[in-house]
Amino acid sequence: MKINKYLDTIVAISSGNINQAISIIRISGKNSIDIIKKIYKGKIGKNKTITYGHIINPLNNEKIDEVLILWFIGTDNYTGENTIEINAHGGVIVTNRILNIILENGARLAERGEFSRRAFLNNKISLNKAEAINNLINAKNINQTKIAIKQFDDFGYKILREIEQELLKLISMCEINIDYSEYNDIETIENDKLLDSVNLFIGKLTTLIENSERTINVYKGIDVAIIGKPNSGKSSLFNSLLEEEKAIVTNIEGTTRDVLDGEFQIGGILFRILDTAGIRNTKNKIENIGILKSIETIKKAKVILNIIDPTNDKYDDIYESKIKNLITENKVYINVVNKIDICSKEILKKYSNYVWISAANNNTYELKNTLYKMYFKFLTDDVIVSEDVIEKLNSILKSLKKVKEGLKNNYGFETVIIDLREAWSNAKKCLNEEHNNEVLLDNIFKKFCLGK
């Protein structure tokens with residue numbers, strides 16, 4: 001017989017296992033109060049009260065610490081079950097002594113994210129809000145907190161419900177035409193009308209996914225790859241953006257042999273900058289390894305900065321062909337003209353529509369401004385900030401494109417409805433109405449810290 005581990009009483013140090021002024025030990029589960037009564041001398045509180053007392057070792061009545069205890073009795077709390085929070089003095093030794101005494105008296109150590117998982121299983125929070133809480137905890141700057149906090153409201157639920165209802169409407173239209181097509185008093189729908197509805201739906205869903213993916217990129221940090229021919233000034237730009245001399249800069253071709261990385265912020269937006277080896281044909285084995293790493297980096301990056309040296313603008317078909325094969329629709333590609341401090345106006349006229357910089361002189365304002373304007377709008381858009389949900393929305397989009405293709409090929413409604421039902425099933429999963437998947441929940445909550 002399989003035992004449900006979520007009936008156990010769990011405990012963890014929620015404030016982090018470090019020396020600090022106050023530490024918080026959280027206990028949750030049906031036996032929380034019984035365990036506290038064994039190890040606590042003080043008043044047993046009522047729901048949502050605070051009492052003062054001492055934690056003792058019940059084996060010998062030794063006082064361990066004087067504490068404040070917050071009582072959350074019943075289901076009207078974060079986890080939806082009896083929860084006790086012990087506020088102790090924050091030394092690592094004393095905090096762990098209290099934790100061990102609780103473990104010895106009937107609790108087990110909580111898994112990562114298990115308090116939030118119980119909140120979800122007890123219908124206290126949605127899966128999207130649980131992820132938003134984790135995102136808020138791990139935010140590195142103000143804009144990341146703003147993105148996370150957006151998911152606390154019900155926008156995400158509303159738009160996902162609209163998607164689910166729209167799919168249900170399309171399915172209903174198909175079913176009516178399949179089952180009752182011979183009845184004169186039933187409103188039927190022509191193939192072209194359904195195709196128009198599907199096309200409109202695809203457009204709205206595509207916009208939502210694209211904006212959401214860019215917002216997620218803003219939250220996680222945007223990978224920016226600096227590429228260009230040797231000696232175009234890639235490493236100089238890398239150092240300038242990081243405001244430190246991290247990359248070696250010389251006039252010798254092939255100086256950069258490995259991919260270097262670092263982080264910088266523009267207006268609170270986090271960018272991860274990657275300096276790559278110049279792409280060219282070379283017989284140097286080590287440099288070739290660096291070039292292969294550069295190609296892999298370009299494939300992963302969201303933004304490509306193609307650095308152009310106008311003092312050496314000879315066409316390089318090897319470089320151009322390799323770069324062309326790496327650029328895809330989901331990447332932002334920016335042509336950046338470097339060394340404008342040593343170029344004549346006549347030369348620069350050729351590059352009037354490009355971004356101009358002088359990396360050697362730390363003149364990168366135009367580039368920074370371009371990057372910022374490209375992403376700041378995603379801080380205000382209404383989007384979905386959950387990679388798991390975005391994955392399902394992409395599956396819905398894929399199904400809708402199959403429906404579109406089927407209708408264009410004059411497939412019957414009894415055929416295209418199969419893909420519509422698949423899309424609707426994924427929409428229900430987005431709303432957590434099909435969440436009996438332990439593997440999915442394990443994958444989500446293992447990202448959380450131990451006491452959350």
Exercise for the section: Quantify, in whole percent, the carbon and sulfur part of the accessible surface of the range 353-434 (1.4 Å probe; protein heavy atoms only). Expected result: 44
Handout entry: Efficiency of FRET between Asn122 and Leu348 - r from beta-carbon atoms, R0 51 angstrom, step 0.05
Key = 0.20
Completion exercise
With a Förster distance of 56 angstrom and the Cβ-Cβ distance between Glu210 and Asn312, calculated FRET efficiency to the nearest 0.05 equals 0.95
Exercise for the section: Quick one: pull the percent of accessible area on the range 14-103 belonging to carbon and sulfur, 1.4 Å probe, ligands and nucleic acids left out. Expected result: 56
Fill in the blank from the handout: Packing-ranked peptide list from 58-65, 157-164, 110-117, highest mean Cβ count within 10 angstrom first, is 110-117, 157-164, 58-65
Exercise for the section: Sort 360-367, 71-78 for me by packing, meaning the mean count of neighbouring Cβ atoms within 10 Å per residue, highest on top. Expected result: 71-78, 360-367
Handout entry: Highest average packing first - 216-227, 45-56, Cβ atoms within 10 Å
Key = 216-227, 45-56
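The values are calculated or read from the model by the stated rules, or taken from the named source; none is laboratory data. Only a predicted model underlies this, so the values are computations on that prediction, with no experimental measurement involved. Note that each Cβ is placed from the backbone with ideal geometry, even for glycine, and that neighbours are counted across all protein chains shown. Accessible surface areas use protein heavy atoms only, side chains included; no ligands, DNA or RNA. Shrake-Rupley method; radii C 1.70, N 1.55, O 1.52, S 1.80 Å.
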